[in-house]
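Bear in mind these aren't lab numbers, they're just calculated from the coordinates by the rules spelled out. As the structure is a prediction and not an experimental result, all values here were calculated from the model. Please note: Cβ atoms are built from the backbone with ideal geometry, for glycine as well, and neighbour counts cover all protein chains shown.
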Amino acid sequence: MHSETFYYALITSMKIVFFWGSMNEGMLLFPMRRLIDWMIEPLPPKMFLWLRKPLYSCLFCTSSVYGFLFTMKTASFSWEYLNFLFLVAGINYVLQSLLGTE
């Protein structure tokens, strides 16, 4: 793996950490979190809980959604891109463990 790929994954991970952190109560994007809750609340309870994690609730899980959204303009789908997304998820897992969050 190239050091440039790791650097880009780290930058993407930091964007995700910012986005995830700013959706906590009292933060800048908390109203967006409430809007997301309002939109998915009518769904069955299990589906509601299942969708919350990748949208804002779990730092590791948000890697799948926001990792794709933050990089979809610059990458085409390939095994290398999939490895990149796994690298971002791995970095976020380590950060989640260090932060002691859910």
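Numbers below:
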| item | result |
| --- | --- |
| P(r) histogram, all alpha-carbon pairs of the chain included - 5 Å bins from 0, percent | 2, 13, 22, 22, 18, 13, 7, 2, 1 |
| Evaluated over the stretch 59-102, the Cα radius of gyration and Dmax, each in Å | 11.1, 34 |
| The stretch 2-50: Rg to Rh, with Rh as the Kirkwood radius over Cα pairs | 1.19 |
| Spin-label model distance (nm) - GLU4 vs LEU35, 7 Å beyond Cα toward Cβ | 3.6 |
| Residue among ASN83, SER97, MET27 farthest towards the positive dipole end of the chain, charges placed on Cβ | MET27 |
| Additional length obtainable on full extension of the chain from SER97 to SER22, 0.36 nm per residue less Cα span | 25.2 nm |
